[in-house]
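Asks: Pasting in a structure now, in structure tokens, and then I'll have a few things to ask.
The numbers here are math on the coordinates, done by the rules we state, and not lab data. These numbers come from a predicted model, not from an experiment. Virtual Cβ from ideal backbone geometry, glycine too; neighbours counted across all protein chains shown.
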Amino acid sequence: MTQTQNKHGRTISKLILAVVGMFGFGFALVPLYDVFCDLTGINGKTKGRYEASVETQIVDESRTVKIQFITHNNESMPWDFKPTVAEIRVNPGKMTQVDFFARNPTDRRMVAQAVPSLSPSQGVDYFHKTECFCFNQQVLEAKEETLMPLIFVVDKALPKDIKVLTLSYTIFDQSQFDQSGFDKKAFNQNKEDQVIVAGSL
Amino acid sequence: MSTAVDINAENNHDDHEHHGPAKGIARWLFTTNHKDIGSMYLWFSFIMFLVGGCMALTIRAELFQPGLQLMEPEFFNQMTTLHGLIMVFGAVMPAFVGLANWMIPMMVGAPDMALPRMNNWSFWILPFAFTLLLSTLFMEGGGPNFGWTFYAPLSTTYAPDTVTFFIFGVHMMGISSIMGAINVIATILNMRAPGMTLMKMPLFVWTWLITAYLLIAVMPVLAGVVTMMLMDIHFGTSFFNAAGGGDPVLFQHVFWFFGHPEVYIMILPAFGAVSQIIPTFSRKKLFGYHSMVYAVASIAFLSFIVWAHHMFTVGLPLFGELFFMYATMLIAVPTGVKVFNWVATMFRGSLTFETPMLFSIAFVILFTIGGFSGLMLAIAPSDFQYHDTYFVVAHFHYVLVPGAIFGIFAAVYYWLPKWVGNMYSETMGKAHFWLSFVGMNLTFFPMHFLGLAGMPRRIPDYALQFADFNSIASVGAFMFGTTQLLFLYLVIHCIRKGEKATDQVWEGAEGLEWTLPSPAPYHSFTTPPEVK
């Protein structure tokens with residue numbers, strides 16, 4: 001009898017360990033999912049800030065790529081948010097600036113975060129942003145409006161078969177995090193570090 | 001526990017738990033007997049089957065005609081959600097645990113389950129879990145209305161406040177299932193009769209062993225995903241909230257990592273039961289026992305690497321679509337092996353068609369149809385058309401109703417005489433089968449056409465051209481639903497007035513459970529039998 005109980009004890013402890021492990025694995029899937037997307041470059045995540053080097057400044061005049069800009073407001077986000085141009089043609093290697101217009105139509109101060117996504121996802125590695133409003137949160141006072149810059153360069157190594165890249169921004173209302181007593185500075189810092197994670201949309 | 005000790009205890013005093021059932025309600029509240037607990041699981045599951053069935057009939061009544069007749073869309077959503085949750089977690093899973101409780105100790109020659117007190121606990125959690133879940137219907141905001149798959153953000157940002165009750169309900173069901181699975185594994189691994197090696201175990205025991213491992217692996221992930229929801233809703237985290245840097249698609253990945261093995265949890269024990277029944281009524285040994293075991297194991301393994309075929313339309317990269325498409329189709333291979341073996345077992349056997357055999361044959365045929373529509377859905381490019389249509393509803397009802405539920409009916413008819421000691425009425429059993437068979441096909445077959453024609457699921461209204469097929473489906477649903485009351489009457493009639501069953505019950509039955517008297521004594525195999 002005690003022998004069976006010992007056997008049961010061993011079986012049960014192993015199984016309980018497996019249960020606890022799998023519970024942890026469920027949570028581990030959250031970062032693993034990001035790591036996986038990062039490694040494979042799928043899901044249209046754009047990269048963080050890009051440091052331009054001299055080599056990349058050489059412009060490939062032989063072809064142009066069409067870049068389209070689209071914007072979305074997340075549910076219940078009241079801002080007017082749109083690109084100043086719908087699409088432009090650029091030569092790979094040429095640094096280009098595009099402004100995005102944003103206006104806060106409400107009577108209160110609001111904080112927003114824009115999250116980028118690029119399509120097709122094979123183009124992600126070749127679309128570099130040297131400056132982007134999406135690297136930071138945007139704060140607009142009541143009725144305030146602003147132009148937000150995006151400076152980017154398309155890599156010369158972009159595969160020839162990709163002729164159109166679509167950059168989509170979704171803007172989220174972050175005001176609740178602003179008002180609920182978060183450590184704003186730490187949060188922003190964190191945001192900058194985590195911009196890739198935020199881009200996992 | 002030796003027989004000598006048992007006899008001694010019986011002679012000496014009466015308060016010892018090994019004596020036989022206690023009297024009254026205490027017997028059921030405090031029982032540690034695997035047969036009592038098995039019966040409670042089965043009755044509980046049948047009650048939930050009727051509750052979930054009533055919800056299905058509510059849905060079908062609304063869909064009988066186009067337009068909104070009987071209810072608000074909000075209530076319709078609650079009905080579809082609760083129907084799914086109750087059938088999956090309340091009807092099918094507890095029914096299989098009930099069968100496991102009754103049969104596994106008797107089939108491996110053990111006196112009881114390995115952990116009898118935990119067994120009691122894992123059952124008694126369930127009524128509380130489902131009371132919690134169903135009570136939300138009477139609360140402000142209503143019950144869960146986000147579909148049984150409870151995708152975020154429907155189940156987080158846009159959920160009714162009662163979602164917290166749903167989350168705790170799921171936690172409790174998960175704990176119950178995990179404890180049940182631990183119990184099954186410990187029983188099978190440690191308590192087999194001498195001589196019963198793993199490869200001599202009956203297939204029902206094998207399929208349950210593998211199912212139990214699946215439960216151990218995925219129920220904690222389900223608990224994790226509802227915990228993340230809880231944290232998003234109440235503690236300001238952003239696992240699934242894009243505004244805070246999270247990702248709603250993550251929810252679907254984590255959910256289906258649980259959800260796909262879950263569908264095999266609901267079918268593997270039915271495979272096992274059918275693999276016991278078909279040889280009995282074919283009066284032949286099961287064809288390809290070893291390949292059956294390996295097929296079940298391969299299906300279980302593959303179930304972990306196919307989850308994203310539920311998510312073809314979320315924007316997976318091409319590589320992902322191809323991988324999950326081919327991996328899903330691979331499952332057809334071991335499943336095909338099983339279907340082939342069942343057919344080969346029947347081939348040139350001396351077949352008789354008692355009710356359990358009828359349900360088993362219907363299982364083989366109709367489950368195969370459900371498998372084929374599954375293959376169609378697995379084709380990623382065409383899935384974009386089928387996704388979220390009635391074709392999907394038809395597919396999973398074909399694998400769950402004639403798959404899981406017919407498997408359970410077959411098992412209950414097969415072992416009922418052993419449990420209660422009386423034969424059921426074969427006439428009523430056959431009537432139950434044929435009415436269920438016709439009703440079920442009438443309900444779900446037209447849904448294939450509806451889905452291919454583009455009718456979306458989970459919507460209380462539809463375009464006029466879908467009206468005829470929908471009214472046929474509703475008639476079939478009421479036919480199938482009311483037929484189950486006949487089954488209830490049949491079981492009660494069998495217990496009260498049935499003819500005495502022999503110990504062997506079925507002419508061709510083999511296995512340790514048939515060596516016991518009918519009805520099986522309260523304590524069986526207190527001395528382990530010898531298996532040659």
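Asks: Give B:K338/B:K500; B:K35/B:K500; A:K7/B:K285 a once-over and call out the pairs whose C-alpha atoms are over 26 Å from each other.
Replies: Listed pairs above 26 Å: B:K338/B:K500; A:K7/B:K285.
Asks: I need the semi-axes of the equivalent ellipsoid of the protein assembly as shown: take the C-alpha gyration tensor, multiply each eigenvalue by 5, square-root it, list largest first in whole angstrom. The partial results should precede the final answer.
Replies: Numbers: eigenvalues 593, 150, 128 Å².
Semi-axes from the Cα gyration tensor: 54, 27, 25 Å.
Asks: Something else about it: Rounded to the nearest whole Å³, what is the per residue volume of the convex hull around the Cα atoms of segment B:104-259?
Replies: 117
Asks: Among B:W206, B:P381, B:T162, pick out the residue whose Cα is farthest towards the positive end of the charge dipole of chain B, where Lys and Arg carry +1 and Asp and Glu carry -1 on C-beta, about the Cα centre.
Replies: B:W206
Asks: What are the ³J(HN,Hα) values, in whole Hz, obtained from phi via the Karplus relation 6.51 cos²θ - 1.76 cosθ + 1.60 with θ = phi - 60°, for each residue of segment B:371-385 in sequence order, with x given for Gly and Pro?
Replies: Calculated HN-Hα couplings, in order: x, 5, 5, x, 4, 4, 5, 6, 6, 3, x, 7, 4, 4, 7 Hz.
Asks: Provide Rg over Rh for segment B:234-393; use the alpha carbon set for both Rg and the Kirkwood Rh (inverse mean inverse pair distance).
Replies: Rounded to two decimals, Rg/Rh equals 1.09.
Asks: Which whole-Hz couplings ³J(HN,Hα) result when phi for each residue of segment B:84-96 is put into the Karplus expression 6.51 cos²θ - 1.76 cosθ + 1.60, θ = phi - 60°, listed in order with x for Gly and Pro?
Replies: So the Karplus estimates, Gly and Pro as x, are x, 4, 6, 5, 6, 8, x, 9, 5, 5, x, 4, 5 Hz.
Asks: With runs of 4+ DSSP H residues as the only contributors, calculate the mean residue ellipticity of the protein assembly as shown at 222 nm using -39,500 (n - 2.57) per run, divided by the residue total and rounded to the nearest 500.
Replies: -18500 deg cm²/dmol
Asks: Follow-up question, since we're still on this one. Got a sec? Charge dipole of chain B, +1 on Cβ for Lys and Arg, -1 for Asp and Glu; which of B:A61, B:G403, B:I182 is way out at the positive end?
Replies: Selected residue: B:G403.
Asks: At a 10 Å Cβ-Cβ cut-off, how would you order A:S13, B:S298, B:S518, fewest neighbours first?
Replies: A:S13, B:S298, B:S518
Asks: Report, in whole Å, the centroid distance computed from the Cα atoms of segment A:72-146 and segment A:1-36.
Replies: 45
Asks: Then there is this: Show me, for segment B:263-277, the HN-Hα J-couplings you get by feeding each phi into the Karplus relation (A = 6.51, B = -1.76, C = 1.60, θ = phi - 60°), rounded to Hz, glycine and proline as x.
Replies: Result, rounded to whole Hz: 5, 7, 4, 7, 10, 4, x, 5, 3, x, 4, 5, 5, 7, 6.
Asks: With just the Cα atoms defining each centre, how far is segment B:46-84 from segment B:174-235? Give it in Å.
Replies: 31
Asks: On average, how much area does the Cα convex hull of segment B:366-443 cover when viewed from any direction, in nm²?
Replies: Reported value for the Cα convex hull: 5.8 nm².
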